[in-house]
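Asker: Quick one: this structure, given as structure tokens, is what I'll be asking you about.
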Amino acid sequence: MSYNLLKGKRGVIFGALNEMSIAWKVAERAVEEGAVITLTNTPMAVRMGTINDLAEKLKTEVIPCDATSVEDLTTVFERSQELLGGKIDFVLHSIGMSPNVRKKRTYDDLDYDMLSKTLDISAVSFHKMIQCAKKLDAINEYGSIVALSYVASQRTFFGYNDMADAKSLLESIARSFGYIYGRERNVRINTVSQSPTQTTAGSGVKGMDHLMDFSDKMSPLGNANADECADYCITLFSDLTRKVTMQNLFHDGGFSSMGMSLRAMNQYSKGIEEFIDENGKIIYG
Ligand SMILES: NC(=O)c1ccc[n+]([C@@H]2O[C@H](COP(=O)([O-])OP(=O)(O)OC[C@H]3O[C@@H](n4cnc5c(N)ncnc54)[C@H](O)[C@@H]3O)[C@@H](O)[C@H]2O)c1
């Protein structure tokens, strides 16, 4: 159902890889709500994923961009303004990747070059994106910039590894830049802390199925899915949230306020799986 919440607005959506991607759902909802958008992802993701199908469906263009490259980001904002016919009203940062997680390096055995890449791709890219847009004066007054985060930024979660540090930095950038961009141009910057969601990036998290089940059992409203996350992002892009900025907003069915639920307690009493190595030591991933 459309409420025309984004009628006349122009947006840039980073991070749609395939149909499961949260960014994919946000792109579809944004257009349904009356926005015109551009899509962008890395050249590799454009080749490996199905973003071109989404572009065709939404009658838009994919602008290839590695979000760690200021040059590429500049191209995205210049080209998007050209294509959409004016300044941008909303931006979604839906980007995350950890080479340490991919290579199964545990948190007490990190490769530091890989850690730098994790931070650059998953967090510093958000700063680069905002700084680049601001220097180009590419965002309209009262524009809205949103990045996706996870509760592991603030609480320790087994297996989330160096992505936890990246998400902490991401949320901090939203606050630090939110102050400057808000004061100068009334642009708001927020992060949405989403439930675990079955996507390509999500499946890289250790024990994802169990994590999703635990999180679902802990949350009074259950896990929020990608479509519901898209709905929430739309409200943040709309004019209905013009005074919301510098926030990390939980979109998690209530998970982040819970300590223990009856459903999780019942499950726990049925048995727990231990992660131990051949010497009987617990593996802290
Ligand atoms: N899936 C979950 O459980 C979950 C939960 C909370 C938050 N998030 C966050 O949501 C966001 C989107 O992830 P998703 O779950 O939709 O998975 P996804 O794999 O569909 O999206 C991740 C995207 O990041 C892109 N990306 C990687 N490196 C890049 C780079 N250098 N430049 C530009 N783009 C790059 C990928 O190509 C991909 O499109 C991420 O920030 C993720 O951490 C996911």
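Asker: Given the criterion more than 23 Å from residue 74 (Cα to Cα), modelled with pLDDT under 95 and either out of contact with any Asp or Glu (no Cβ under 7 Å at 6 or more places or on another chain) or in a helix (DSSP H, G or I) (or both), identify the matching residue among 168, 215, 203.
Answerer: Numbers: 168 fails: modelled with pLDDT under 95; 215 fails: modelled with pLDDT under 95.
After ruling out the rest, the residue left standing is 203.
Asker: Is there a residue in the stretch 70-79 that is buried (at least 17 other Cβ atoms within 10 Å of the Cβ), away from the ligand (no atom under 15 Å from the Cβ), modelled with pLDDT of 95 or more and under 26 Å from residue 231 (Cβ atoms)?
Answerer: Taking the stretch 70-79 and keeping what is buried (at least 17 other Cβ atoms within 10 Å of the Cβ), we get 72-74, 76-77.
Narrowing the set further to residues that are away from the ligand (no atom under 15 Å from the Cβ) leaves none.
Within the stretch 70-79, none of the residues are buried (at least 17 other Cβ atoms within 10 Å of the Cβ), away from the ligand (no atom under 15 Å from the Cβ), modelled with pLDDT of 95 or more and under 26 Å from residue 231 (Cβ atoms).
Asker: Are there any pairs, at least 6 apart or on different chains, whose C-beta atoms fall under 6 Å, with the first in the stretch 107-130 and within 21 Å of residue 156 (Cβ to Cβ) and β-branched (Val, Ile, Thr) and the second at pLDDT 95 or above and buried (at least 17 other Cβ atoms within 10 Å of the Cβ), and if so, which?
Answerer: 118/98; 118/162; 118/166
Asker: Something else: Let me spell it out: the conditions are (1) in a helix (DSSP H, G or I); (2) more than 14 Å from the chain's Cα centre (by Cα); (3) touching a residue at least 60 places away in the same chain (Cβ under 8 Å), and residue 176 meets all of them except one. Which number is the exception?
Answerer: Evaluating residue 176 over (1) in a helix (DSSP H, G or I); (2) more than 14 Å from the chain's Cα centre (by Cα); (3) touching a residue at least 60 places away in the same chain (Cβ under 8 Å) leaves (3) as the failure.
Asker: Tally the residues that are hydroxyl-bearing (Ser, Thr, Tyr) and in contact with a strand residue (DSSP E or B) (Cβ under 7 Å, 6 or more places away or on another chain), restricting the search to the stretch 43-67. Quick ask: steps written out before the conclusion?
Answerer: Start the filter on the stretch 43-67 by keeping residues that are hydroxyl-bearing (Ser, Thr, Tyr), which leaves 50, 60.
Among the residues that remain, those that are also in contact with a strand residue (DSSP E or B) (Cβ under 7 Å, 6 or more places away or on another chain) are: 60.
Number of matching residues: 1.
Asker: Also, I was wondering about something else. Where the second residue is crowded, with 16+ Cβ neighbours inside 10 Å and among the aromatic types (Phe, Trp, Tyr) and the first is closer than 15 Å to residue 236 by Cα and lies in the stretch 134-155, which pairs have Cβ atoms under 6 Å and are six or more apart or on separate chains?
Answerer: Correct list of pairs: 144/90; 144/237; 147/126.
Asker: Follow-up. Within the stretch 28-49, how many residues are in contact (Cβ under 8 Å) with a residue 60 or more places away in the chain, assigned to a helix (DSSP H, G or I) and among the aliphatic types (A, V, I, L, M)?
Answerer: So the count comes out to 1.
Asker: A further question follows. If residue 13 satisfies all but one of (1) buried (at least 22 other Cβ atoms within 10 Å of the Cβ); (2) outside any strand (DSSP E or B); (3) touching a residue at least 60 places away in the same chain (Cβ under 8 Å); (4) within 16 Å of the ligand (Cβ to nearest atom), what's the number of the condition it fails?
Answerer: All conditions are met except number (2).
Asker: A further question follows. Scan the stretch 98-148 for residues that are closer than 22 Å to residue 195 by Cα, crowded, with 21+ Cβ neighbours inside 10 Å and among the hydrophobic types (A, V, I, L, M, F, W, C) and jot them down.
Answerer: Correct list: 101, 123, 126, 145, 146, 147, 148.
The values are calculated or read from the model by the stated rules, or taken from the named source; none is laboratory data. Computed from a prediction, not measured in an experiment: that's the story for all the values here. Positions of Cβ are generated from backbone atoms using ideal geometry, with glycine treated the same way; all protein chains shown enter the neighbour counts.
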